[in-house]
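Below: one structure, written as C-alpha cells.
The values are calculated or read from the model by the stated rules, or taken from the named source; none is laboratory data. These numbers come from a predicted model, not from an experiment. Ideal geometry is used to build each Cβ from the backbone, glycine not excepted, and the neighbour counts take in all protein chains shown. Surface accessibility is based on the protein's heavy atoms, side chains included, excluding ligands, DNA and RNA. Shrake-Rupley method; radii C 1.70, N 1.55, O 1.52, S 1.80 Å.
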Amino acid sequence: MKHQIKETKDLTENEIEHILKLWDVSAWNSMKSAYFRMFFKDSEFHFLMDKDENILAVLRVNFDFTLQIADTEYVFAEAVGLVATHKKKGYGAALVSRFKENVIHRNKETIGFCHSDLRPFYEKCDIEILYDKAKMIKESIGSDWVNSEDDDILIFHTSQERKELLNQLSSQNNAYLIIKE
C-alpha cells in the first residue's frame, strides 16, 4: 500500500468518479469533473493505493478554512471526506496514520471534525480529540449563525497555542467559520 497526494487539478476523470462514488453525497453524484476541479480548487487529496493503483481510501484537505476566535482569524487545513473502499479492513486507519505523519512533516496546522460515534475510530488511530468542542463553532446559514453539526475537533497537527485556543471554546467563547468569497 502506498500513500499518494494529488492536487485537484491533477486528478484523473476515473479518480474523480471514484471519489464521488465513495463519498455518496446525492447533491454531488452528477458533478462533472470540470466543476469538481473548480469546486474543490483549494484542496488536495490523499489516497491509500494498492499495488495496482486502486484507491483503498481517500481523504480531502481543505485549505480554505478559517476560524475567527475573539476577533482574530486563524487559518487551518481541514481534513474532511475520509472514506475507505472497504469497511473494517484497516485502510481508513492506515491512511489517517500516513496523513498525520505527512502534515507533521510539512508542518501544516491541520484539524478535522467528527461526530461522537466516530470517536473510537480516531482514538484507535491515536488522533487527539477535543471532545464536544466542535459544537462551539458557529457557521453562517443565511443571516443566522448556527452551531456546527459535528461534536469533536480532531487535532492532526497544530501548535500548542492553537490547541489551547480550540480547547477553550465554550458557549460563551465561540469560534466562527469565516467563508471567503
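Some observations on this one:
- Counting only residues that are buried (at least 19 other Cβ atoms within 10 Å of the Cβ) and either free of Cβ contacts under 8 Å to residues at least 24 places away in the same chain or over 10 Å from His46 (Cβ atoms) (or both), segment 94-104 holds 1 of them.
- Any chance Glu44 is touching a Lys or Arg at 6+ places or on another chain (Cβ under 9 Å), acidic (Asp, Glu), closer than 30 Å to Asn147 by Cα and at pLDDT 95 or above: yes
- Strands (runs of 3 or more DSSP E) wholly inside segment 78-181 that include at least 1 residues being closer than 21 Å to Trp23 by Cβ, β-branched (Val, Ile, Thr) and at pLDDT 95 or above: 110-114
- Residues that are surrounded by fewer than 21 Cβ atoms within 10 Å (Cβ to Cβ) and in a strand (DSSP E or B), drawn from segment 56-72: Leu56, Arg60, Asn62, Phe63, Asp64, Thr66, Gln68, Ile69, Thr72
- Residue that is nearest to the chain's Cα centre (by Cα), among those in segment 149-176 that are surrounded by 12 or more Cβ atoms within 10 Å (Cβ to Cβ) and over 17 Å from Ala77 (Cβ atoms): Asp152
- Counted residues, segment 24-50 - those being closer than 24 Å to Glu101 by Cα and assigned to a helix (DSSP H, G or I): 0
- Scanning segment 11-39 for residues that are open to solvent by less than 80 Å² (accessible area, probe 1.4 Å), in contact with a strand residue (DSSP E or B) (Cβ under 9 Å, 6 or more places away or on another chain) and among the charged types (D, E, K, R) turns up just one, Glu15.
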